[in-house]
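Take a look at the structure below.
Any read-out appearing in this document is the output of simple, stated calculations on the displayed coordinates, not a laboratory observation. Keep in mind that what you see is a predicted model, and the values were worked out from it rather than measured. Every residue, glycine as well, gets a Cβ built from its backbone with ideal geometry; the counts of neighbours run over all protein chains shown.
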Amino acid sequence: MILLFALTVTACIINAIFTIVSFFLYVRAHLADRSEQFPPDAEEHARRLADLDRKERFYQSLHFITLFLFVLFGVLILIHLSNHLNNRVQV
């Protein structure tokens, strides 16, 4: 039971790190320079904008998935602690 709790806490910490990193990657992709570059080539600019939008959607999805897993592991930790404290009081 202690091993399961330790693994859950470790997974939660690792997931928190991934969530922070994915958030910064998403912000970086969102704030990327989308102005036209020189020389003004419309096709190249459209391709660059599509690539930036694709990266932004990917990092946004990654961030929300890791955030969901972080919350899920946090809830599992709280359930485990609550169960442990309730069993301790009844004994």
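In the frame of its principal axes, the chain has Cα extents of 76, 15, 14 Å, reported largest first.
Only the Cβ atoms of Lys and Arg (+1) and of Asp and Glu (-1) were treated as charged; on that basis the dipole of region 2-90 about its Cα centre amounts to roughly 520 debye. Of the residues LEU7, ALA32, SER82, the one whose Cα sits farthest toward the positive end of the charge dipole of the chain, with +1 on the Cβ of Lys and Arg and -1 on the Cβ of Asp and Glu, is SER82.
With both labels modelled 7 Å from their Cα along Cα-to-Cβ, the LEU78 to SER61 distance reads 2.9 nm. Between VAL27 and ALA6, the FRET efficiency estimated from the beta carbon spacing at R0 = 25 angstrom works out to 0.20.
The angle between the Cα long axis of helix 42-90 and the longest principal axis of the Cα atoms of the chain comes to about 10 degrees, rounded to the nearest 10. With neighbour counts taken as other beta-carbon atoms within 10 Å, the residues ARG54, ARG48 rank, fewest first, as ARG54, ARG48. Against the main long axis of the alpha-carbon atoms of the chain, helix 2-30 sits at an angle near 20°. Its DSSP H runs of at least 4 residues, each contributing -39,500 (n - 2.57), put the calculated 222 nm mean residue ellipticity of the chain at -31500 deg cm²/dmol, to the nearest 500. The GluC sites (Glu not before Pro) of region 1-70 meeting both criteria, a DSSP state outside H, G, I, E and B (loop) and at most 13 other C-beta atoms within 10 angstrom of the site's C-beta, are GLU36.
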